[in-house]
Amino acid sequence: MKINTLFAALLLTPAVAMSADADNGKELYDETYFEREINGEMRDDVTCATCHEPAFYTRSDRMASSYKNLEQAWVQGCNDKMNVGWFPEEVADVTAYLNKTYYKFPKE
C-alpha cells in the first residue's frame, strides 16, 4: 500500500509543480518594477499596472482571444518587449492571475 501511495504522489508531482500560481502572479504583476520611457521621461518605477488598469482587461475590444493567446502573445510579449525578466513559470503565474481575475478563459 505504501508503494502505491508513493507512486501516485510521484506521478502527480510534475502536474502540481507545473500548475500556475495566480496568487504569485498577482504579486509579480503588482510588484515587479522595470524601466520604461513614459511621456519622454525614463522611469524605473513602472509596473504592469502603470499601463494596464482594470478597464484595459474588461473592455469590449480586448485583444486576448484564449488562455494560450493571453499567455504566449500578451503576457510573454510584454515580458519580452519591456525586458521584465520573468522566467516561463512566472509568465504562467501572471497569466493565471489575469485569467482568474479578468478573462475567465478555459485553460487549454
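The values are calculated or read from the model by the stated rules, or taken from the named source; none is laboratory data. All of these numbers come straight from a predicted model, not from anything done at the bench. Using ideal geometry, Cβ is built from the backbone for each residue, glycine included, and neighbour counts are taken over all protein chains shown.
Brief remarks on what is shown
- Of residues in segment 30-43 being touching an Asp or Glu at 6+ places or on another chain (Cβ under 9 Å) and at pLDDT 90 or above, the one surrounded by the most Cβ atoms within 10 Å (Cβ to Cβ): THR32
Here's the yes/no breakdown for (1) under 15 Å from LYS26 (Cβ atoms); (2) more than 15 Å from the chain's Cα centre (by Cα); (3) touching a residue at least 24 places away in the same chain (Cβ under 8 Å):
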{"residue": "GLU37", "(1), (2), (3)": "no, yes, no"}
{"residue": "ASP44", "(1), (2), (3)": "no, yes, no"}
{"residue": "SER60", "(1), (2), (3)": "no, yes, no"}
{"residue": "GLY85", "(1), (2), (3)": "no, no, yes"}
{"residue": "ALA92", "(1), (2), (3)": "yes, no, yes"}
{"residue": "LEU98", "(1), (2), (3)": "yes, no, yes"}
{"residue": "TYR102", "(1), (2), (3)": "yes, no, yes"}
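- Annotation note: of THR50, THR32, the sole residue that is in contact (Cβ under 8 Å) with a residue 12 or more places away in the chain, in contact with a Gly (Cβ under 9 Å, 6 or more places away or on another chain) and either within 15 Å of VAL84 (Cα to Cα) or not polar (S, T, N, Q) (or both) is THR32.
- Among the residues of segment 68-108, those that are in a loop (DSSP other than H, G, I, E, B) and closer than 16 Å to VAL46 by Cα comprise MET82, ASN83, VAL84, GLY85, TRP86.
- Hey, LEU70 modelled with pLDDT of 90 or more and closer than 12 Å to ASN99 by Cα or not: yes
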